[in-house]
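Let me begin by presenting the structure, written as structure tokens, before commenting on it.
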Amino acid sequence: MKNIFVIISLFLCVSLWGQNPLQQSVDEIVADPTFAQAVVGVCVMDANGNILAGFNQEKMLVPASNMKLI
């Protein structure tokens, strides 16, 4: 029983420490009640094209302006 508790505790610690702070910020922003009725898509990429954080990044959305693409 003690081993199971230790394994679960380690799993929880690793999963909490392993969270990307940028992804956490994106998740908090899109969870805001302001966006409850909106369709939101966010994709944050580095210069090499690697996705750092995202929300609905696989959806094809039309931006309201080109400035949002920068």
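The values are calculated or read from the model by the stated rules, or taken from the named source; none is laboratory data. Model, not experiment: these values are computed from the prediction. For neighbour counting, all protein chains shown are included, and Cβ atoms are generated from backbone atoms with ideal geometry for every residue, glycine included. Protein only, heavy atoms only, side chains kept; ligands, DNA and RNA dropped before computing areas. Shrake-Rupley method; radii C 1.70, N 1.55, O 1.52, S 1.80 Å.
The table that follows gives values for the structure above.
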quantity: Scope the stretch 40-70; condition β-branched (Val, Ile, Thr) and modelled with pLDDT under 90; matching residues; calculated: 62, 70
quantity: Test set (1) modelled with pLDDT under 90; (2) assigned to a helix (DSSP H, G or I) - residue 22 fails condition number; calculated: (1)
quantity: Every pair of residues 6+ apart whose Cβ atoms lie under 7 Å, when the first sits in the stretch 14-31 and is closer than 19 Å to residue 56 by Cβ and exposed (fewer than 12 other Cβ atoms within 10 Å of the Cβ) while the second is modelled with pLDDT of 95 or more and among the aliphatic types (A, V, I, L, M); calculated: none
quantity: Enumeration of residues in the stretch 32-43 that are open to solvent by 70 Å² or more (accessible area, probe 1.4 Å) and either among the aliphatic types (A, V, I, L, M) or more than 16 Å from residue 63 (Cα to Cα) (or both); calculated: 33, 34, 36, 37, 39
quantity: Selection from the stretch 30-70 of residues that are within 18 Å of residue 19 (Cβ to Cβ) and in a helix (DSSP H, G or I); calculated: 30
quantity: Among residues of the stretch 44-60, those that are under 9 Å from the mean Cα position of the chain (by Cα) and either touching a residue at least 40 places away in the same chain (Cβ under 8 Å) or surrounded by 14 or more Cβ atoms within 10 Å (Cβ to Cβ) (or both), counted; calculated: 3
